[in-house]
Amino acid sequence: MTISHVAIIGLGLIGGSVGLGVQETLPHVATSGWDHDPETRERAAGRGLVGRVYETAGEAVAEADLVILCVPVGAMEEAGHAIASSLPEGAIVSDVGSSKAHVARALAKALPGAQVIPAHPVAGTEKSGPDAGFAELFRHRWCILTPAEDADREAVSRLSAFWEALGAKVEVMDAAHHDLVLAVTSHLPHLIAYTIVGTASDLEDVTRSEVIKYSAGGFRDFTRIAASDPTMWRDVFLTNREAVLEVLGRFTEDLTALQRAIRTGDGDKLFDLFTRTRAIRREVIEEGQDDNRPDFGRKDH
Ligand code: NAP
C-alpha cells in the first residue's frame, strides 16, 4: 500500500520543503499541516506549503496515513502528545529530527503503541521558518531511517519509497550509530563554527568591523553555518550529548597536537594533515555532495 495522505506538523524549513516536495513529485498524495504558531500557519497557507493548513494538530492528522513531525528535537514529545488522540489506526509516524535516539524515546513516551519510524533527511540550509522551504531540498541528499529492530518492514519500505519520491537516497541504520556519524559530520562542524564566530566577535585587539571587512579570508564560510537556527541547534546539542562529547574529546586532542606542531615548527605534520584533508574535499565533490567550482561558485564583486 502506498501513502495517500501526509500530515506535516511544524511548517518551517523542513516541513515546508516536505509539503512542497510532495505536491510537486506526488501530486496524487493529499497534504495537510499544522504549526503551533498562528503567524506561521497563515504564511504556510499563503505559500501553499501543504494542501490545507488546519487550526489544530488533531484535525491535520485525522485523515493521514503518514504523519511527519518537523519540529525542533526538543519539541518532538509535545508534538507527539498533540496528535496522540487523533492519530488514525495504522498510520506511520515519522520525523525529521537531527538526533535520533532521543526522538525515538520521546515518541515512544508520547505515542505508545504507534508505528513510529524515525528519520533524518541530511539536507538543510541556514534559513528557517515558513518562507525558507523549497521542493528540491532533498534531491540527491541522503535520508537516514532509524527504525527499531521490531519495526514493521512494510512500513519501513513505504517510508523509504516516500523519501525516494522526494529525490532522496535512503539508508537504514541504528539510531545510536546515526547519532555518532552525525556528531562528526554535522554537529561538531556547527559547534566549531559557532565557536569561531563567537571568538572572533569577542576579540579585543581586532575590531568587529575588521573581522567583517576581511571575512573573505575564510571567516565568512563559518558565518553561514553559525547563522543556523538557534533553537534547533540548542536542542541538537542537548539531545545528542554523549556522541558530541565523545567526538569533541577527539577533536580537542587533535587540535592540541596541531597547536604543538605550530609551536615546535613541525611543518611536515601540518603539511601531511592538509594534504589528507584536501583529498577528503575531493571525495565530497566526487560523491556529488558539493559544488566543484572554486569558492563554491561565488561571483567576484
Ligand atoms: P524551523 O524552520 O524553525 O521549523 C520548525 C517549525 O516548528 C517552526 O515553525 C516552529 O515554530 C514549529 N514548532 C516548534 N515547536 C512546535 C510544536 N510543539 N508544535 C508545532 N510546531 C512547533 O526548523 P527546521 O529547520 O525546519 O527544523 C525542523 C526539524 O528538522 C528539527 O528537528 C531539525 O533538527 C530537523 N532538521 C533540520 C535541518 C536544517 O538544516 N535546518 C536539516 C535536517 C533536519 P516556532 O519557531 O514559532 O517555535
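The values are calculated or read from the model by the stated rules, or taken from the named source; none is laboratory data. All values derive from a computational prediction rather than experimental measurement. All Cβ positions, even for glycine, are placed from backbone atoms using ideal geometry, and neighbour counts span all protein chains on display. What goes into the accessible areas is simple: the full protein's heavy atoms, side chains included, and nothing from ligands, DNA or RNA. Shrake-Rupley method; radii C 1.70, N 1.55, O 1.52, S 1.80 Å.
Here are some notes:
- Longest DSSP-loop-exposure-free segment, GluC sites (Glu not before Pro), the chain, at most 12 other Cβ within 10 Å: 205-286
- Averaged over its residues, the chain has an accessible area of 56 Å² per residue, based on protein heavy atoms and a 1.4 Å probe.
- Relative contact order for the chain, counting Cα pairs under 8 Å that sit 6 or more residues apart, in percent: 15 percent
- Amide hydrogen neighbours beyond the local backbone of D95, cut-off 5 Å, H modeled: L69, A119
- Ligands, DNA and RNA excluded, the heavy atoms of K169 present near 70 Å² of accessible surface to a 1.4 Å solvent probe.
- Restricting attention to the chain, close to 10% of DSSP beta bridges with both partner residues there are antiparallel.
- In the assembled protein chains, R105 presents an accessible area of approximately 150 Å² (probe radius 1.4 Å).
- Kirkwood radius, the stretch 5-173, all distinct C-alpha pairs, inverse of mean reciprocal distance: 15.3 Å.
- Placing +1 on the Cβ of every Lys and Arg and -1 on the Cβ of every Asp and Glu, with nothing else charged, gives the chain a dipole about its Cα centre of roughly 700 debye.
- ³J(HN,Hα), Karplus 6.51/-1.76/1.60, whole Hz, each residue of the stretch 212-221, x for Gly, Pro: 6, 4, 9, 5, 5, x, x, 3, 4, 5
- The candidates M173, M232, M76, arranged from most to least accessible area with a 1.4 Å probe in the full protein assembly, appear as M232, M173, M76.
- Ordering S186, S128 by accessible surface, largest first, gives S128, S186; the 1.4 Å probe counts only protein heavy atoms, with every chain in place.
- Chymotrypsin sites (Phe, Trp or Tyr not before Pro) restricted to DSSP loop in the stretch 211-263 with at most 12 other C-beta within 10 Å: Y214
- Only DSSP H runs of four or more residues enter the estimate; each adds -39500 (n - 2.57), and after division by the residues of the chain the mean residue ellipticity at 222 nm equals -15500 deg cm²/dmol.
- Taking the stretch 177-265 and dividing mean pair separation by its residue count, relative contact order in percent (alpha carbons under 8 Å, at least six apart): 43 percent
- Of the listed residues Y54, Y194, the order by accessible area with a 1.4 Å probe, largest first, is Y194, Y54.
- Taking the protein heavy atoms of the stretch 192-301 in the context of the full set of protein chains, the accessible area attributed to carbon and sulfur is 55 percent at 1.4 Å.
- Annotation: average projected area of the stretch 44-98 is 4.0 square nanometres, based on the convex hull of Cα atoms across all directions.
- In this view, the solvent-accessible surface of L270, computed with a 1.4 Å probe and all protein chains in place, comes to about 40 Å².
- Karplus 3J(HN,Hα) series, Hz, for the stretch 140-149 with 6.51 cos²θ - 1.76 cosθ + 1.60 (x for Gly, Pro): 6, 10, 7, 10, 9, 9, 10, x, 5, 4
- Within the stretch 177-265, the percentage of alpha carbon pairs spaced more than 18 angstrom apart rounds to 55%.
- Extent along principal axes [Cα atoms of the stretch 254-301; Å; largest to smallest]: 38, 30, 16
- Spatial offset of the stretch 115-183 relative to the stretch 1-80 amounts to 16 Å, using the alpha carbon center of each.
- Here the ratio of the Cα radius of gyration of the chain to 2.2 N^0.38 Å is 1.09.
- In sequence order, the stretch 100-107 has phi-based couplings of 10, 5, 4, 5, 4, 5, 4, 6 Hz under the Karplus curve 6.51 cos²θ - 1.76 cosθ + 1.60, θ = phi - 60°, and Gly or Pro positions carry x.
- Ligands, DNA and RNA left out, the accessible area of the stretch 7-65 computed with a 1.4 Å probe is 47% carbon and sulfur.
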